[in-house]
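Following: one structure in structure tokens, then a few remarks.
Bear in mind these aren't lab numbers, they're just calculated from the coordinates by the rules spelled out. Because the structure is a prediction, the values reported are computed rather than measured. Glycine gets a Cβ as well: all are built from the backbone with ideal geometry, and neighbour counts include every protein chain shown.
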Amino acid sequence: MHVHPKVACVVPWCGRTWGYNRDNAPCAEPATHRLTDVDGAEALICDEHAIDARNRLIGGRVEPLPS
């Protein structure tokens, strides 16, 4: 029997866990923000990834998507 390890979110306040490996898996949460890096590359990201990006991004922008 193969047992999947319990994987936890790395955001300190989150506390979510999953019973499968989420490494390299796309985020399944709805996109709420546009992330633009210093070179102009863009990605659509969820609320939690937006919070993380605001804390770590240097020289880029994180903007909410229009409603």
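Observations
To keep it simple, each residue is scored yes or no on (1) out of contact with any helix residue (DSSP H, G or I) (no Cβ under 6 Å at 6 or more places or on another chain); (2) of a type in the set (A, V, I, L, M); (3) in contact (Cβ under 8 Å) with a residue 60 or more places away in the chain.
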| residue | (1), (2), (3) |
| --- | --- |
| 13 | yes, no, no |
| 16 | yes, no, no |
| 35 | no, yes, no |
| 46 | yes, no, no |
| 53 | yes, yes, no |
| 57 | yes, yes, no |
| 67 | yes, no, no |
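- Considering residues of the stretch 11-67 that are among the polar types (S, T, N, Q) and part of a strand (DSSP E or B) only, the residue surrounded by the most Cβ atoms within 10 Å (Cβ to Cβ): 36
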